[in-house]
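Chemist: Sharing a structure, written as structure tokens. Questions coming.
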Amino acid sequence: MSKKNKKKSIHKRKLNKKRVILFFLFILILIFLIYRLFTIRITNIYITGNEYLSDQEIIDISGLKDYPTSIKNLSFNIKKKLEKNDFILSAHVYKKGIFNRVYIKVKENYPLFYYLPENKTVLYDGTKIKNKLLVPTVINKIPNTIYDKFLKKVESINKDILYRMSEIEYKPNDVDSERFFILMNDGNYVYLTIYKFLTINRYIDMIKTFDNKKGILYLDSGEYFDLFDDNLNKNLD
């Protein structure tokens, strides 16, 4: 064999060794990365969109209470857990960083009122649950033809106003079959119709003009406030 051929043969063997070393190095790095991926723990959870449910309640529902490993809690699985809960309409979940930061945005299916005729709480999407919660109580039956309209209107009431209500009574008269009477937590009375129901969202601004005095706010026919008289008979029509 010539010296030239020997040099070529030696050179080829050196190249093969380098390739083997690089291959094993690549495998080691890959194994390390896979190991790290499977052991990365969730370290931060950011939650938005919730008002009724607390951050901790959402963390518990999503199964992230103990900040487990990220790979065993994929975003899709966290979303499924959240949306199984009665009080969550939808959830958007994604991760950032090295998958250790979880971002959760929820749309709540919060409670609207307790429907006494059926002894159930009605949620935002119309679902009825057996739990009795701290929400306004509808004390009498609303006809089916009016109930759906009423539900849609209550869904649009600002939550800070809705939760100021204590009792809601379906109270039709000769003029309007879609009339309601509301007892507020602050002691005021309010009359409303389905047509003008959302005017209740201006409730706080309205009562400010009466220097914290108590009375009856008529929003069913016009917008005026009758102060309670010391001798007022509160057996209202």
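The values are calculated or read from the model by the stated rules, or taken from the named source; none is laboratory data. For clarity, every value in this text was computed on a predicted model and none was experimentally measured. Using ideal geometry, Cβ is built from the backbone for each residue, glycine included, and neighbour counts are taken over all protein chains shown.
Chemist: Consider residue 134 carefully, then state whether it is at pLDDT below 95 and either part of a loop (DSSP other than H, G, I, E, B) or within 23 Å of residue 59 (Cα to Cα) (or both).
Modeler: Yes, satisfied.
Chemist: Tell me, yes or no, whether the range 39-47 has at least one residue that is in contact (Cβ under 8 Å) with a residue 12 or more places away in the chain and within 30 Å of residue 151 (Cβ to Cβ).
Modeler: Taking every residue of the range 39-47 in turn, at least one turns out to be in contact (Cβ under 8 Å) with a residue 12 or more places away in the chain and within 30 Å of residue 151 (Cβ to Cβ).
Chemist: Condition first: touching an Asp or Glu at 6+ places or on another chain (Cβ under 6 Å) and either at pLDDT 95 or above or on the phi > 0 side of the Ramachandran plot (or both). Can you find one or more residues in the range 171-180 that meet it?
Modeler: Yes, that holds for at least one residue.
Chemist: Filtering the range 139-164 down to residues that are under 21 Å from the mean Cα position of the chain (by Cα) and part of a loop (DSSP other than H, G, I, E, B), which residue is surrounded by the fewest Cβ atoms within 10 Å (Cβ to Cβ)?
Modeler: That would be 156.
Chemist: Check 45, 40, 61 and return the single one that is surrounded by 14 or more Cβ atoms within 10 Å (Cβ to Cβ), more than 30 Å from residue 158 (Cα to Cα) and touching a Phe, Trp or Tyr at 6+ places or on another chain (Cβ under 9 Å).
Modeler: Going through 45, 40, 61 in turn, the sole match is 40.
Chemist: Which condition number in (1) touching a residue at least 24 places away in the same chain (Cβ under 8 Å); (2) surrounded by fewer than 16 Cβ atoms within 10 Å (Cβ to Cβ); (3) under 30 Å from residue 181 (Cα atoms) is the one that residue 136 fails?
Modeler: (2)
Chemist: Check every one of the strands (runs of 3 or more DSSP E) wholly within the range 52-117 and list those with 2 or more residues that are of a type in the set (Ser, Thr, Tyr), in contact (Cβ under 8 Å) with a residue 12 or more places away in the chain and touching a strand residue (DSSP E or B) at 6+ places or on another chain (Cβ under 9 Å).
Modeler: 88-96, 111-115
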